[in-house]
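Take a look at the structure below.
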Amino acid sequence: MTVVIVGGGVAGAATALALRQTGIEAEIYEAHASGGEDAGAFLTVMANGMAALDELGATAVVEAISSPARAVSLWDAQGRHLGRRPIEGSARSMTRAALYRALQDLAAARGVPVHHGKRMTGALATGDGVEVSFADGSTVAGDLLVGADGIHSRTRRLIDPQAPEPRHSGQHVVYGYAPGNPAGVDPDEYHMIRGSRAFFGFTVPSGDDRTWWFARIEGRPGSVAEMFRDDPVPAAAIIAATGSDLVGGDSYDIPTTPRWHNSRLVLTGDAAHAATPAAAQGASMALEDAVALAAALREHGDPATAFAAYESTRRRQTEETVAASARLISGR
C-alpha cells in the first residue's frame, strides 16, 4: 500500500511516521517551500500529544527543540494574581516552525520522501487507488490520500463539496518574541492575563533568552499594545520591546465535519477538526490522529473499514475539544 499525504505540517509528518512504523509506504507533498503557514507562531504539545510522540518514537527529537511547560498562572486586568495551576504530565513549548522541521526531518531520515512546493489541485479516485494533481502540472498515484492540508483543506471539499466553511471566532491572534525577560518571571511558566480589552499570554522558555507572547483580541486591532495601555500588567511593555516583528491572523474553528472520508480519501488534523488556540490542543489532536489512523489501517485490510474505525475512535473526543476551546474564548 502506498499513501499520498497532502500537507507536511504536524498532522502530515506525524501520519507519515505512524504509517512507516506499520510498514505502509507514504510520501509527503507540502504546498509551501519551507514547511507551512504561520510558522512564526509557537505552540504547546500537551501530555496527550507527547504520549502520541512517544508512540511514534519522536520524543527525543521534539524535546531537543522545545522546553518544558510547567504551569499556568492567571492574572486579572489590575495585575492581581488569581491562581496557579501546574500543567499535568509532560508538556512542551516550541515554535511551530521548529516542530515542522523536526517531524519532517525525522520522516525523511526514516525513508519518507518529502516534496515541497506541491500544492494539490485535485484528486481522482480510480478503480484501485487515487490520482492526485498539483498546481505545477505534475501528478502522482497512490492507493490512498490523506488530507493533512489544514483548516482550509482542499481534501475536505473533494470528499464533501457541501462541507462547512471554517467558523470565524471573532478574534484576531497575534504572536511575538521580545528580547530577554522584561517581566522578570520564572522560566517555563505561562502567565495568562485577562486584560480589560484583550487577553494576553506569555512565557520565557528555558534556554531561549526571549519572552514568547500572544494576544487574543476581538476584531482587528490597529495597535496591539494599545489594547493593554491602561492595564497595570507587563503586556504593553513586552509588546513594545518586540518591535514590529509580529505574526498572526484571524482565528477560526470547525465545530464539526460531517464526512471525514470516502473510499480512498481521509482527513486528519485541522482538516477534520480545527480548534481555536485557546485549548492548546491543535497539535496534540493531530498527533493522536496520526497514531489512530495508522492503527486502523494496520488492523483493517479494507480502507473504507479502516477509515470508519479511525473516525469512530477520534470524532467524539476531537469535537468535544473544539467545543471546549470555543467556550474558553467566549466565556461560556
Next item on the list: Look through the stretch 123-148, keep the residues that are of a type in the set (D, E, K, R) and within 17 Å of Tyr29 (Cβ to Cβ), and return whichever of them is surrounded by the fewest Cβ atoms within 10 Å (Cβ to Cβ).
Entry: Asp136
Item checked: Of all residues making up the stretch 1-32, the number that are buried (at least 24 other Cβ atoms within 10 Å of the Cβ) and closer than 26 Å to Thr44 by Cα -> 18
Check: Just wondering, is there one or more residues in the stretch 107-122 that are surrounded by 20 or more Cβ atoms within 10 Å (Cβ to Cβ), in the same structural domain as Ala286 (by TED's automatic domain parsing) and in a helix (DSSP H, G or I)?
Finding: yes
Notebook entry, point to check: Quick one: is Val72 part of a strand (DSSP E or B), under 23 Å from Phe202 (Cα atoms) and at pLDDT 95 or above?
Noted result: yes
Checklist line | Scan of the stretch 85-94 for residues that are outside any loop (DSSP other than H, G, I, E, B), in contact (Cβ under 8 Å) with a residue 24 or more places away in the chain and over 18 Å from the mean Cα position of the chain (by Cα), ordered by number | finding: none
Margin query: Among (1) hydroxyl-bearing (Ser, Thr, Tyr); (2) free of Cβ contacts under 8 Å to residues at least 40 places away in the same chain; (3) in contact with a Gly (Cβ under 8 Å, 6 or more places away or on another chain), there is one condition Tyr190 misses while meeting the rest; what is its number?
Written below: (2)
Check: Checking Leu74 against (1) touching a Gly at 6+ places or on another chain (Cβ under 7 Å); (2) assigned by TED's automatic domain parsing to the domain that holds Val6, which single condition isn't satisfied?
Finding: (2)
Next item on the list: Mind listing just one residue for me: the one in the stretch 205-236 that is among the hydrophobic types (A, V, I, L, M, F, W, C) and assigned to a loop (DSSP other than H, G, I, E, B) and, of those, surrounded by the most Cβ atoms within 10 Å (Cβ to Cβ)?
Entry: Val224
Margin query: Looking at the structure I just gave you, is Arg298 touching a Gly at 6+ places or on another chain (Cβ under 9 Å), surrounded by fewer than 18 Cβ atoms within 10 Å (Cβ to Cβ), outside the structural domain of Pro179 (by TED's automatic domain parsing) and under 28 Å from Thr2 (Cα atoms)?
Written below: yes
Checklist line | Filter result for Gln281 (within 30 Å of Asn181 (Cα to Cα) and of a type outside the set (Gly, Ala, Ser)) | finding: yes
Check: Which of the residues spanning the stretch 169-192 are among the polar types (S, T, N, Q) and out of contact with any Lys or Arg (no Cβ under 7 Å at 6 or more places or on another chain)?
Finding: Ser169, Asn181
Item checked: Which listed residue is in contact with a strand residue (DSSP E or B) (Cβ under 6 Å, 6 or more places away or on another chain), of a type in the set (Phe, Trp, Tyr) and in contact (Cβ under 8 Å) with a residue 60 or more places away in the chain, from Tyr29, Tyr100 -> Tyr29
Next item on the list: Can you confirm whether the stretch 265-277 contains a residue that is assigned to a helix (DSSP H, G or I), within 30 Å of Ile87 (Cα to Cα) and among the polar types (S, T, N, Q)?
Entry: no
Check: Can you name the residue in the stretch 135-167 that is aliphatic (A, V, I, L, M) and under 16 Å from Val10 (Cβ atoms) and, of all such residues, is modelled with the lowest pLDDT?
Finding: Ile151
Next item on the list: From (1) free of Cβ contacts under 8 Å to residues at least 40 places away in the same chain; (2) in the same structural domain as Glu226 (by TED's automatic domain parsing), pick out the condition that doesn't hold for Thr126.
Entry: (2)
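The values are calculated or read from the model by the stated rules, or taken from the named source; none is laboratory data. Small disclaimer: the values here were computed from a predicted structure and weren't measured. All Cβ positions, even for glycine, are placed from backbone atoms using ideal geometry, and neighbour counts span all protein chains on display.
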